[in-house]
Amino acid sequence: MEVLRPTIINLNGRMYRKNIIKEEHYEEEEDFSYVGQQESEDLAEDETCDTHSIDKTDKGYRCAIDVPSVLYKYIIGKKGETRRRLESDTKTSISIPKQGVEGQIVITGSHKAAVSSAVTRVEVLIESFRRKQPFTHFLSFPLNDPKVQEGFLQFKDDVLQQCSQDHGVEGSIFQNPAKLHLTIGTLALLNEMEVRKACEHLQECQNFIRNITEGKPLLLEVTGIEYMNDDPAMVDVLYAKVNVKDRSDKLQTIADQLVEHFVSKGLMVREWDRVKLHGTVINTLFRKDSTVEDTGGPGRQTMSEREAFDARNILKKFGAYRFGEFELNTVLLSQRYSTDCTGYYTSAGSVNFS
């Protein structure tokens, strides 16, 4: 099926077919071909590079591409085989900085079309392997208001007092109250330059956000809980429901437009037609292994080994639980795993509603 219906990558409005090659010399290596592209150099003259400037030099043509150093290995390949193949196929030379050194990949060649072809192929490789990187940052609406935190801690105490006998229900699977938030979308920002660009794009969103909110904070109510799978007896995530007090769709509209903006800039991958706003209060990924020392990462459950819990009693007794109300005034770009002095995720950037 992969041959008959290969994965298609949309890169700056152009469609590319991803063909997976299983080779012993480099099991991760993949080959990408331009949809409809023919190998002849004559047709390559028609190919243009829309996203990068190709400069004429004394010896031919040159193009420099900003690429995070973590992605260099995918352009080089094992023992340099991917780079050699790219250079051979496009009749160009590809210069890559040393691993760990942030810089530019420089492509040179005698013909502009050859350089353009090499740039396109490198871009497709980068885009494909970028999607495999774990997310480093996320956009969110913070829910760590003191009133909501107090309501959450009371919810946790009540659940543990009344439902701790239910399968899988114990204290470590509850969210840290300082980290309560509504996730809007995740981003893989692979160097400081990409973080700065994301912050700049977030600032660009300020105008439409303020148009939606009329320059005022949104009064939110955090009431009720829901689960994310079909069987309430085998649940991995419970989340709090959040609504604008006046029942408007302003919060949803802001979230959807933020995702639209960041997807259009190539910094986010669209997962759903609409953002599903939810404030996680219980997640089995938080579950700690008591036999492993807690260092912030090790000791947590993984996706493959996570143990679900029986949420039927929790839903019956606390389905309409009121966590509290507060005024939301901020969208945050936060760094995954890192926390600031308040215990919330470290902020890389933010915009206010007012």
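The values are calculated or read from the model by the stated rules, or taken from the named source; none is laboratory data. None of these values were measured; they are calculated from a predicted model. Cβ sites come from the backbone with ideal geometry, for glycine too, and all protein chains shown count toward neighbours. These area figures cover heavy atoms from the full protein model, side chains too; ligands, DNA and RNA do not enter into them. Shrake-Rupley method; radii C 1.70, N 1.55, O 1.52, S 1.80 Å.
The single condition among (1) on the phi < 0 side of the Ramachandran plot; (2) open to solvent by 40 Å² or more (accessible area, probe 1.4 Å); (3) not small (Gly, Ala, Ser) that Ile107 does not satisfy is (2). Of all residues in the range 136-147, exactly one satisfies the criterion of being open to solvent by 70 Å² or more (accessible area, probe 1.4 Å) and either of a type outside the set (D, E, K, R) or under 14 Å from the mean Cα position of the chain (by Cα) (or both), namely Pro146. Checking the structure you have, find out if any residue of the range 183-192 is in a helix (DSSP H, G or I) and either open to solvent by 30 Å² or more (accessible area, probe 1.4 Å) or in contact (Cβ under 8 Å) with a residue 60 or more places away in the chain (or both). Checked the range 183-192: at least one residue is in a helix (DSSP H, G or I) and either open to solvent by 30 Å² or more (accessible area, probe 1.4 Å) or in contact (Cβ under 8 Å) with a residue 60 or more places away in the chain (or both). Residues in the range 247-260 that are within 19 Å of the chain's Cα centre (by Cα) and either open to solvent by less than 40 Å² (accessible area, probe 1.4 Å) or farther than 21 Å from Cys199 by Cα (or both): Gln252, Ile254, Ala255, Asp256, Leu258, Val259.
Conditions (1) open to solvent by 20 Å² or more (accessible area, probe 1.4 Å); (2) at pLDDT 95 or above; (3) over 23 Å from Glu325 (Cβ atoms), marked per residue:
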site	(1), (2), (3)
Ala178	no, yes, no
His181	yes, yes, no
Gln206	yes, yes, yes
Arg210	yes, yes, no
Leu218	no, yes, no
Thr223	yes, yes, no
Asn229	yes, no, yes
Pro232	yes, yes, yes
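If the condition is being among the small types (Gly, Ala, Ser) and modelled with pLDDT of 95 or more, then the range 236-278 contributes Ala240, Ser248, Ala255. Per the conditions (1) open to solvent by less than 60 Å² (accessible area, probe 1.4 Å); (2) modelled with pLDDT of 95 or more; (3) not in a strand (DSSP E or B), the sole criterion not satisfied by Phe129 is (2).
Hey, among the residues in the range 83-101 that are touching a helix residue (DSSP H, G or I) at 6+ places or on another chain (Cβ under 8 Å) and in a helix (DSSP H, G or I), which one's surrounded by the most Cβ atoms within 10 Å (Cβ to Cβ)? Among residues in the range 83-101 that are touching a helix residue (DSSP H, G or I) at 6+ places or on another chain (Cβ under 8 Å) and in a helix (DSSP H, G or I), the one surrounded by the most Cβ atoms within 10 Å (Cβ to Cβ) is Thr90.
For the range 149-162, a residue qualifies if it is in contact with a helix residue (DSSP H, G or I) (Cβ under 8 Å, 6 or more places away or on another chain) and crowded, with 19+ Cβ neighbours inside 10 Å, and the qualifying residues are Gln149, Phe152, Phe155, Val159.
Residues checked against (1) modelled with pLDDT of 50 or more; (2) more than 23 Å from the chain's Cα centre (by Cα); (3) buried (at least 16 other Cβ atoms within 10 Å of the Cβ); (4) not acidic (Asp, Glu):
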{"position": "Leu11", "(1), (2), (3), (4)": "yes, no, yes, yes"}
{"position": "Ile20", "(1), (2), (3), (4)": "yes, yes, no, yes"}
{"position": "Lys56", "(1), (2), (3), (4)": "yes, yes, no, yes"}
{"position": "Asp66", "(1), (2), (3), (4)": "yes, no, no, no"}
{"position": "Lys78", "(1), (2), (3), (4)": "yes, yes, no, yes"}
{"position": "Glu81", "(1), (2), (3), (4)": "yes, yes, no, no"}
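Taking the range 336-352 as the range and being polar (S, T, N, Q), touching a residue at least 60 places away in the same chain (Cβ under 8 Å) and touching a Leu at 6+ places or on another chain (Cβ under 9 Å) as the test, only Ser350 passes.
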